[in-house]
Each structure stands twice: as C-alpha cells, then as structure tokens.
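The values are calculated or read from the model by the stated rules, or taken from the named source; none is laboratory data. Treat the numbers as computed from the prediction; the structure is a model and nothing was measured. Cβ placement follows ideal geometry from the backbone for every residue including glycine, while neighbour counts extend to all protein chains displayed.
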Amino acid sequence: MLGLIMDQPLLISSLLTHAARNHGDTEIVSRTVEGGIHRYTYADAELRARKLAAALARLGVAPGDRVASLAWNGYRHFELYYAVSGAGAVMHTVNPRLFPDQIAYIINHAEDKLLFVDLTFVPLVEKLAPVCKALKGVVVMTDRAHMPPSLPDALCFEELVAAETGGFEWPVFDERTASSLCYTSGTTGNPKGVLYSHRSTVIHSYAIVSPDVFNLSSRDCVLPVVPMFHVNAWGLPYAAPLAGTKIVFPGAQLDGASLYELYEQEGVTATAGVPTVWLALLNHMKQNKLKFSTLDRAVVGGSACPPAMIKSFAEDFNVRCQHAWGMSEMSPLGTFCTLKGKHLALPKDQQFEVLTSQGRALYGVEMKIVDGEGKPLPHDGKAFGDLLVRGPWITSGYFKDEGGNPLRDGWFPTGDVATIDADGYMRITDRSKDVIKSGGEWISSIDLENAVMAHPAVGEAAVIGIAHPKWDERPLLIVVKKPGAEVTREELLKFYEGRVAKWWIPDDVVFVEALPHTATGKLLKLKLREEFKHHQLPAA
Ligand code: ADP
C-alpha cells in the first residue's frame, strides 16, 4: 500500500523560490570582481535567476545541456546556479586553478555549450575558446562598461538579464534529473565528472542545515570561503536559501585581511573553508591582534584539520572550529564533528580529543571500514581499514561512465583509510596511497603531521614514505617554518617523543620554503614523493 502524500519532486528552483517568498528581504552580499560591494536580497536574486533562465533558453540551451562557469563566489554565479539547474540544464562548475590543458579537457569532455566567466578569467578563456569545440558562446559576468575588448564576440551577463521581462516560470520535472557537474581533481588518470541530481542536492541541503551540521537558520549569516567552482561550495548556496540564511560571497579576495573585514562588516556567524585559508586568516589576526565580534563557528574540511588549529580558534578567538569530511563524490558532506550530550560533562582535554576527529556520519550517509579482503572491521576506534560509503547523495558512477563502475557491492570506496568508534566518530588515518608501510605495519602520515603542527615554530608540515631497504618505507618529515621562527631537525624529532609510538617517529626532517598544493588546497604528496624520491635517510 502506498502512502497518500503528494508526490512533489524535490527541485533546486524550489529552494530559491522558498527563500524569495519567506525571506524576501534577507540579504546576499558580494565582494565583486569589478571592485566594491554588491548588496541585494533573495527576492531580487530569484527574479534575476528567472530572467537569466529565460535568456539561456533564448540562447538555445535545452534541458540536459551543460553550461560551464569559471567564476568566484558571487551573486551572479549564484544566479547562474539556479538559472541553469532550475531550467533543467546542467550547471558545470569548472575549477580555474587547474592547469589550462586539464580545463580544456574537462570542458570538451562535458561538451559544454556556453561558458560563463568572471573578468579575472578572461585571459584564460582567450586560450581555451579555440580548443573547446562544442562551445557555442562565452558570457562575461559583468556589465557593458567592463566588457573586455579582447573577447569581441562575448555576450554581456547584465545585458542578457536586462533583456528579459521576468515572466519565466520554473519548469517542473523528474527530481532525478541531472542538475550539476563537478570534475574530481584526479591525482591519477583523467578528471572524472560527478553528476549531481536535483533530488540529491535538495536532500543534501536538508541534511547540512541541521543542528549537528552547519546549524543554519534565518538568524545566521554564512560566508562560504570554499569555492562555488568546486563541489558547489560544500552545498552552502543551496542550504542557505533553504534556511533563509544571509549569505556573504567573498569574490576573489580570500586573504586574511579581506575576509576579516567581511566577517566584521556583515556580522558573519558561520564560515567554511580548507585549512590553508584558516592558517592565513589566523596568522593575520594574531599579527594584528584582532578579535571576531560575531563569528561563532568555522567549518574546516577538504584536508585534515590540525588539532592546533582547532585549539587556536577556540582559545585565541572564541570560535568553534568544526571538523568536516567529505569528497566531490559525496556532494560533498559525509561527516561533521560536534559533541554529544554525554560529552558535555567531560574535562576539556577529553572533549578536545573528540573534536579532532572527522566527526559522525550525517543522516543519509552509511559508512563501513573493511580490511584488504573486504571483510568488515569493528567500529572500536582502533581497527583501521578502507572506508566505504553509500547513501542518496553519493555518486553511483561517473559522467559518461568514465573509469567504469566505481562501486564495490553497492558501496563507494572513498580511498581513505579510517577508524570508526562505537559512538560513530570517524577518524581519517590516511589516504590509502599516502599511508606509510613500515615493516608490514601502517603509519599514519596525517597523525605525524598533526603532532608536529603543535610545535610553535612549525607553519606547515607534510610526511611522506621514503623507500627503505629494511623496512620497505620510513617516514620523512618536510616542514615549512613559521615566518621568523627557528627550529632544528633534532628538536622536531625530540618533539615527537611521547606524542606518537616510537617506531612512528620520522627518520629525517627536511626544511623547505613552501609545500605544493593541489587546485583544491590539499597537500600534493605525489609531487613531494617525486621530489624526494632519492632522499637518503640517515639510517638507511
Ligand atoms: P574535494 O573535491 O571535496 O576537495 P576530493 O574529492 O578532491 O574532495 O577529495 C576528497 C578527499 O579529501 C577525501 O577523500 C579525503 O582524503 C580528503 N579530505 C576531505 N576532508 C578531510 C578531512 N576533514 N580530513 C582528512 N581528509 C579529508
């Protein structure tokens, strides 16, 4: 027997129409690429998104067509998100930090019909346009006065919007329709497209506004530092309208000073980003002896959050630093870390221990860890193995079946190695390819990085495995010192004593000026392994 409840499809357009109707005067504030601050409301955004959707149809964009963007977090990008998906086409966000060859590959693979770009990326588009065959046109996300002379055939975003009356109505269609496309950074092989649906996006939005996740409400103001050009800024451009949350888009200026100014000026309560962004922000704050007046929580994900960062947010700035984990294939949120009621009576250091984990699964995400043979391992906080996930916002296969079926018995292998404890808290011990295999045992490179990050002279750290004749691999610590700080190899090795098992302590330390990062802010260990391939360990 079926229930007698309306079968209304979960469509992305409904998130924005809800916000326009119920939070019509709530603001969306953007730092623009042209310079200055732009300020309007959900009601304004919804009307302009409908006008833009009408313009897309006029330009020949049909349901299912891919429309690409190369853009920062800003109000026009937000309108494009809703116009493209709302009309039944596919919003393909492209990461401008990838190499131009990779970008061209991705645009060609997706067969994008139109490309929307911020002014910043005009020089990039000049190179891309001739090699992107399916592209029918480029739209520059600006007004007539700022149109670049170097792209004479490009269309002007503001002119497209101004030419429409606003009579367009959001179409209703199957909620399983593809809504947006994001390519994984792909450290091996070609980038692969993750294709989200309206249904997965709306359910993910419901889940991430909940109290033990972003806890977004109509009293909040959220500033996503995480880019809209990669995994939909962790879903915040969808979740904020659902909750009626004020949004602040930081545009291209992601340095500490620019972010701090927006936090203070706009009354931001919640923010989200990768550890490298927070490192820069906290350094700026400390150097200038600044405090936050409204910021309540900072969500950290994309890479392991060093415990020292969680501590600094809390103790120096009275901000809750919340650890989250996910991946492009997971829309992206999988786990989020908050304390349970039973933890509240614990001493601070034990609470802190919980808060350094990657957190508990959101409702909608099932997790399991398995050994080399695929046998499930206990959730005892000790056993670690390959982490597998499944759920209604997790990928079932890549766009155009690239790479074949990624699933194992209906589960998606994350490529992460983790423990899960009896309370459901998950701890990533490593990427499966980064784990250091020493004498048949595994050493967690992340644990070694986290431990040394607590040293006051260490700005950033990476640990990689170096080939060893006896042990197979041994850890090498690579360190960037904080500006002006001094520390020796011996001091750092000594610092590990009592913090990690003796046999985990790295065999050597190298000091470098900077560490390489991927386009999404992760340590590029592949490059480090290549660079230090011939490094001679002292004991080897
Ligand atoms: P995204 O595309 O969201 O950057 P990717 O799909 O490129 O994510 O990479 C996801 C991977 O990033 C995860 O599988 C994991 O290895 C790593 N990661 C993400 N968040 C965390 C975290 N909080 N701690 C440790 N690793 C993380």
### Task
Within segment 476-491, identify whether any single residue is in contact with a Ser or Thr (Cβ under 7 Å, 6 or more places away or on another chain), farther than 30 Å from residue 389 by Cα and surrounded by 15 or more Cβ atoms within 10 Å (Cβ to Cβ), and answer yes or no.
no
### Query
Within the bounds of segment 485-501, is there any residue that is part of a loop (DSSP other than H, G, I, E, B) and either in contact (Cβ under 8 Å) with a residue 60 or more places away in the chain or within 15 Å of the ligand (Cβ to nearest atom) (or both)?
no
### Task
Kindly indicate which of 387, 377 is within 16 Å of the ligand (Cβ to nearest atom), touching a strand residue (DSSP E or B) at 6+ places or on another chain (Cβ under 9 Å) and either not assigned by TED's automatic domain parsing to the domain that holds residue 444 or not hydroxyl-bearing (Ser, Thr, Tyr) (or both).
387
### Message
Restricting to segment 290-321, name every residue that is more than 8 Å from the ligand (Cβ to nearest atom) and β-branched (Val, Ile, Thr).
### Response
294, 299, 310, 319
### Message
Can you confirm whether residue 272 is touching a Pro at 6+ places or on another chain (Cβ under 7 Å) and either more than 10 Å from the ligand (Cβ to nearest atom) or of a type in the set (Asp, Glu) (or both)?
### Response
yes
### Query
Given 280, 324, which one is under 19 Å from the mean Cα position of the chain (by Cα), away from the ligand (no atom under 16 Å from the Cβ) and under 30 Å from residue 455 (Cα atoms)?
280
### Message
Need a quick list: strands (runs of 3 or more DSSP E) entirely within segment 409-449 having at least 1 residues that are surrounded by 22 or more Cβ atoms within 10 Å (Cβ to Cβ) and within 11 Å of the ligand (Cβ to nearest atom).
### Response
412-420, 426-431
### Task
Kindly check whether there is at least one residue in segment 196-204 that is in a strand (DSSP E or B), among the small types (Gly, Ala, Ser) and within 16 Å of the ligand (Cβ to nearest atom).
no
### Query
From the list 517, 455, 468, 534, which one is without any contact (Cβ under 8 Å) to a residue 60 or more places away in the chain and surrounded by 16 or more Cβ atoms within 10 Å (Cβ to Cβ)?
455
### Query
Is segment 341-364 home to any residue that is away from the ligand (no atom under 16 Å from the Cβ), touching a His at 6+ places or on another chain (Cβ under 6 Å) and not acidic (Asp, Glu)?
yes
### Task
Taking only segment 450-484 into account, find how many residues are part of a helix (DSSP H, G or I), farther than 20 Å from residue 532 by Cα and touching a strand residue (DSSP E or B) at 6+ places or on another chain (Cβ under 7 Å).
2
